[in-house]
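Computed from the coordinates by the stated procedures, all read-outs in this text should not be read as laboratory data. Because the structure is a prediction, the values reported are computed rather than measured. So basically every Cβ, Gly included, is an ideal-geometry build from the backbone, and we count neighbours across all protein chains shown.
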Amino acid sequence: MRIEPVKPRQRRLRGTAFRVAVLGGVGVVLFAVLFFRLWSLQVVTGDRYLAEANDNRTREIRVPAPRGRVLDRDGNVLVDNRTSMALQLDPLEIPSGAAERRKLLGSIAGVIGRSESWVRKRYRLEVKDNPPGSPITLIRDVGDDIVYYLQEHQADFPEVQINRVFVRRYPKDVRAAHLLGSVGEVTAEDLESPEGAGLQAGDTLGKAGIEQQYDGVLRGEPGLTRVQVDSRGRIKGQLESVTPEPGDSIRLTLDPDVQAAGESALLGIGLPGAFVALDVNDGEVLGMSSNPTFDPDIFTRPLTPRQANDLWDEDLGAPMFNRAIAGAYPVGSTYKPITAVAGLAAGKITPSTVVDDGGKITISDQTFTNAGSQAHGPVDLRRAIEVSSDVYFYSLGAQLNGGEQLQRWSSQFGIGRPTGIDLPGEAEGLLPTPEWRNKLFAAGETDRPWAIGDNVQLAIGQGDLQADPLQMATAYAALGNGGTVYKPRLVLQEEDSAGRVIREFEPEIERQIELDPAAREAIMDGLHAAAQQPDGTSYAVFGGFPVEVAGKTGTAERPPHGDQSWYVVLAPYPDPRVAVAVTVEQGGFGADTAAPVALQVLSAYFDRRAKAVSGGSGNVE
């Protein structure tokens, strides 16, 4: 049988080839379609899509966080926030050419109703003071009519933005202005400092007072909004956002009644001065003010050069200067209790040591006299404080010369050193020592070395001594509580935006002074007699006050100015809770000017009023 060779199935092969040809043809067609589509996109319509892409850009807008509130100890709001519409220029959109820029600023001037010169000047100041890239704020609190106009004519003003910003609001007007401080836009210098970490151009920063000291607490965390805008800056839609976190609030130690009373009393005198009220047993600041004061609301808008200069103009009393923590004054006879502590501790006197006060005393060929040359006769320590015998303390100052006992005890009480209060700008004052003056003399900066007369003058709070009301209140508070020097503090607690307590601030002890109880009692007795016994120097003021007090007047010579008026008081006697220090520049006798201010402060603290008294033979000092 013959076997034929097997032949391939031609029909199946022809079908496979057909399918391959079809698929290949489809592929060629699809490739051709894709090719022509890409060619069309890039060549035919590329310009149109590029224009559309340029017309839709993404912009990130930094959303400021509202700062935390500042409250007094009773929860009354001293500082919170309000919103303000700010007219700002986008630095990226401002024309680079001078002519185009002048035209823009001129157009803006017409819209906001200001002169072109005012707008140009405002522009130059903002560019000078603020870091590169920050929004240029021309005006805040823009009216609704201007906002609506610019919205309707946005295409004509692509460089202009109307942004809602937070600014500080002060419900109590000028109350506690020096303590609260101010807020302002960051500068290039701020951004380079440690305090500027995390900040960007256009952000705000605490510039003074509590706002500066606790900026990290009050500031909060900014948010971010990402929007789509066209080439003219018009918003097309919002893409995403991060909500800002409000800053925490701060509750201060201030007693609202004490603060109001002190400010009112100083304002009524009309002279530069200051007062401080401290809790003797923990250092809390119950009240503090400096006069003249300023309106903190002025900082919610860009300052003019004149406004900025007026705040520090000495002819206007330098309203921004906080005399309570930075005033440098001789303190007069309010210093005598410190001298008494030093003399008792050094064994130079006892409470019963008697000095015959004939109205004057000669020490090292120099004669020193009492105020008005008045003679007080034989006086012991208590009587010397009561009638403010200069002769007694002149003698004690001379005895303390040479060993610097007076300087060491003064330093322990806080004279010549900062108290550490939680406020920026505190001065340390000056406690004169032999080393200090002899160094100046060696450098040719004074006409003589240290002499015994320097210690004699220091003993009655005169000479080169410089101190402020906070230092004196701190010193008397330590005397009143038995020797504990507390760091003065203004903050009770930190709270979140809902009012929940986050952190409480505890008292801080700076140091302990070893006070002999018997010595302290003698000094306190003398201070009590000075305030409320008929021979006391402030009996006319405190003789009718229903709360027992212990206080001392001071009238300090301050050439070429008039006499500096002082009063420092502890109450209630003999176990005080509050210390008040008052000073008034060119106020004359302490009993005439400073003591009545202290009386008003204590009247507010105890909610008691003094009765008028008659009689009294005390020398007014």
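Take the convex hull of the alpha carbons in the stretch 59-252; its mean projected area over all directions comes to 11.9 nm². Summarising the label geometry, the points placed 7 Å from Cα in the beta-carbon direction at SER373 and GLU192 lie 6.2 nm from one another.
Calculated FRET efficiency, THR58 to SER497, Cβ-Cβ distance, R0 = 30 Å: about 0.45 to the nearest 0.05.
Using Cα centres only, tell me the gap between the stretch 426-500 and the stretch 346-386 in whole Å. Cα centres, the stretch 426-500 to the stretch 346-386: 25 Å.
Report, in listed order, any pair from LYS348/LYS439; LYS172/LYS207; LYS172/LYS552; LYS103/LYS207; LYS336/LYS360; LYS360/LYS552 with a Cα-Cα distance greater than 23 Å.
Details: LYS348/LYS439 28 Å; LYS172/LYS207 20 Å; LYS172/LYS552 32 Å; LYS103/LYS207 35 Å; LYS336/LYS360 17 Å; LYS360/LYS552 21 Å.
Check vs 23 Å cut-off fails for LYS348/LYS439; LYS172/LYS552; LYS103/LYS207.
Extension gain for GLU152 to THR243 (0.36 nm times residue separation, less C-alpha to C-alpha distance): 29.9 nm. Packing-based ranking of 277-288, 68-79, 348-359 yields 277-288, 68-79, 348-359, ordered from highest to lowest mean Cβ neighbour count within 10 Å.
R0 = 56 Å: FRET efficiency of VAL354 with GLU116, Cβ-based, nearest 0.05? Kindly include the intermediate steps, with their values, before the conclusion.
Details: r = 80 Å, r/R0 = 1.43.
The calculated FRET efficiency here is 0.10.
Here semi-axes √(5λ) of the Cα gyration tensor in Å was calculated from the structure, and among (i) 45, 33, 23; (ii) 75, 27, 22; (iii) 38, 34, 24 it sits at label (ii). Does the stretch 133-211 come out rounded, prolate or oblate by the C-alpha gyration tensor, with a ≥ b ≥ c the root eigenvalues, rounded set by a/c under 1.5 and, if not, prolate when a/b is larger than b/c and oblate if not? Verdict is oblate for the stretch 133-211. Take the Cα of ALA427, go 7 Å toward its beta carbon, and the backbone nitrogen atoms of the stretch 331-364 under 13 Å from that spot belong to 331.
With Cα atoms defining each centre, the stretch 255-332 and the stretch 552-567 are spaced 19 Å apart in the structure.
A full extension of the chain between ILE298 and ASP607 corresponds to an added length of 107.9 nm, given 0.36 nm per residue minus the alpha carbon distance.
Grab the beta carbon distance between ARG306 and ASP535, set R0 = 60 Å, and tell me the FRET efficiency rounded to 0.05. Mind dumping the intermediate values first?
Working: r = 52 Å, r/R0 = 0.87.
Taking R0 as 60 Å, the efficiency between ARG306 and ASP535 is 0.70.
Between GLU100 and GLU221, residue separation times 0.36 nm minus the direct Cα-Cα distance comes to 39.8 nm.
Dividing the helix sum by the residues of the chain, where each DSSP H run of 4 or more adds -39500 (n - 2.57), gives a mean residue ellipticity at 222 nm of -10500 deg cm²/dmol.
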